[in-house]
Amino acid sequence: MAEENKLDVLSSSDQQNKKEGKKLHLNLIRNYPQKNAEILSSQYGFNIFLAGLLLMFAWAIHAVGITDRDLLSYLITLMLIQLIWMLWYIFGSYTRRRSIIEKDTDAGARWLRCGITLFAVITLILDSFKIGYYIGYSECLSITEGIFPVTHTVHTLLQVYFLWFHAKDIIQSFKTLERFGLIHAVFTNLLLWANGILTESKHQLNEHKERLITLGFSNITMDLHTPECNCTSSVCSIFSQGIYYLYPFTIEYHILASTMLYVLWKNIGRRVKHHQQQKIHFKFHGITAGTIVGLLVLTTTIAVLVVYLIQIGRSKSKSEMALTMFYVYAITVLTLMCTAAVIGLIIYRLENKSMDGSESPAKKLDSDLLVGSSCGSWLISWGSILAIISAETHPGYAWYNLPYSILVIIEKYIQNLFIIECIHRREDETSEKAIEKIFSMSSRSTLSLTPSYEVFSEAVTICSEFPYLSNSQLSLGEGCVENKKNQENNNSIRLSPSSVAIQACRSTKLNKKRRILKNIAAFLFLCNISLWIPPAFGCRPQYDNGLEEVVFGFEPWIIVVNLAMPFSIFYRMHSASSLFEVYCKT
């Protein structure tokens, strides 16, 4: 009998192992096509991106046989392909509107879509300026320079519509085709982003060369691309100057669009756990100090930018004065930001809440972009530090450049920790369930004696376990529960739901912590907007101080700055959007 039982056990275990083996085999077979499609689509995207970068490089160095017409024709073709795919997806989603489409609640936040819409509107203004510029110089410009802004306008309008209504979709049908369509859209936006950076960088470099010529530097060749014919309109100069002031906004638009499309690509075929979405509410309450100081920094930034652009390049003494003023201003702002971020980190660590380990492409991408885009300014800062150490002679403003460069590295390091610490914090689900139970119990007008004591005891238990809760939660303290013994109603105990809901039973200690965190988030948000403005609108001391160019050489240092500066500009805007989310979640 024992041997028969052993045989039965062995046979059952063998059957179970076979079933598990079959399941594993089926899972592998099912996952192979998805993984292959992901690899194939990503390789396709990298190839069209590298081909576009090579065209841009050839145009920038004036390669033989490569003109701006070839580059613009390539970009127009990519945009047209993306337009066809987006139209196919939108019409297909309408035909399948009755089917259940899974959504990623972490992707495509409303504030992010509003931000990309704002940048898109300014991008449309830029396209209208380009169309007007082409009309004025139509006699000597290629027709592609007129087709490009028109195609880009249609592309922008349809893409914003697509991102507004489909950024949260988790695609489960035609997955292979959708992967190629989305990755094509991602790298098309990256190429348009790179094209905007290249065009703006060439303009900034020409302005920098003009400043160096006025300061006495010789043997500098200008690289101007002015049309060879006269303008037929009197507003051509307004269009040509206005275009370069609007490029920072279209650059931000394309990088934001590419990140949202990338999250949509990563979500294809993904299975998500259905949970209640945490709504983010913006309330302007209790952030007076942080807002006032932040607005003061923003006002000072605008004033410093105006003075810098007026004084730089006028004479040697005025340029040195402008550089010193900028460095002193930046050192002060960065010191305040470091202090605020450290205080915020200390408060978060004292709360001792667990981190959210769930796999969310949107959250992971936010963290990766924060760290990745920081490398741009870190590269420039380390170059400045090495130049100051290696230089034989040091002008007066160089000693302000050293602490400024060190603070840029430290501030981004601490700020990244502060943002990631908040975004990846786990919500306390246990307290929410307990609160819902209390609300459901207390919703009755009159409770019997025994259940009333149970509700009260449970409320006190929750108070002891959760001494503080967030805005959407409950904490029971003074005034939370009204114990009203009414002899006429069988000595029942009544709970006041309005008192429970309005007071939210938050302890005074938590209120102070949350108020401090909200002020820190508001202050850092405005500071990042402030630090985005100067480099985006031409205030670049890395070009103008001349120290790094003496050590590394003119051309090498200009290449380093042109490659790294766009990432630094993007970091400030991405940090501002992340800090807005931090403020709403606090």
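The values are calculated or read from the model by the stated rules, or taken from the named source; none is laboratory data. In this text, all values refer to a predicted model and were calculated from it rather than measured experimentally. Backbone-built Cβ (ideal geometry, glycine too); neighbour counts: all protein chains shown. Note: accessible area is taken over every heavy atom of the protein model, side chains too, but ligands, DNA and RNA are not part of it. Shrake-Rupley method; radii C 1.70, N 1.55, O 1.52, S 1.80 Å.
Rounded to 0.05, the FRET efficiency of the I559 and V306 pair, given R0 = 30 Å and the Cβ-Cβ distance, is 0.55.
Any chance you could run the full-extension gain for D368 through L40? It's 0.36 nm times the residue separation minus the Cα-Cα distance, nm to one decimal. Present the calculation step by step, with values, prior to reporting the outcome.
On the way: separation 328, 0.36 × 328 = 118.08 nm, distance 2.29 nm.
Fully extending the segment from D368 to L40 adds 115.8 nm.
Could you work out the local net charge near Q415, counting Lys and Arg as +1, Asp and Glu as -1, over the other residues with Cβ closer than 15 Å to its Cβ? Spelling it out: positives minus negatives among the neighbours equals -2.
Which order, highest average first, do 240-251, 38-49, 186-197 follow once you tally other Cβ atoms within 10 Å for each residue and take the mean per peptide?
186-197, 240-251, 38-49
Applying 1/(1 + (r/R0)^6) with R0 = 22 Å to the Cβ-Cβ distance of V154 and I125, what FRET efficiency is obtained, to the nearest 0.05? With a Förster radius of 22 Å, E is 0.90. Computed from the Cβ-Cβ distance with R0 of 22 Å, the FRET efficiency linking F165 to R271 stands at 0.50. Accessible surface for R69 stands near 130 Å², nearest 10, in the context of the full protein assembly shown (1.4 Å probe).
Past the 19 Å Cα-Cα mark, which pairs from K130/K209; K103/K266; K364/K513; K412/K585; K202/K318? Show your work: numbers first, answer last.
Working: K130/K209 25 Å; K103/K266 13 Å; K364/K513 27 Å; K412/K585 21 Å; K202/K318 25 Å.
Those over the limit are K130/K209; K364/K513; K412/K585; K202/K318.
Other residues lying with their Cβ under 14 Å from the Cβ of G242 contribute a combined charge of -1, Lys and Arg counting +1, Asp and Glu -1. Averaging the Cα positions of each part gives two centres, and for segment 521-543 and segment 368-426 these lie 14 Å apart. Computed extension gain for N230 through C114, at 0.36 nm per residue and net of the alpha carbon distance, reaches 37.7 nm.
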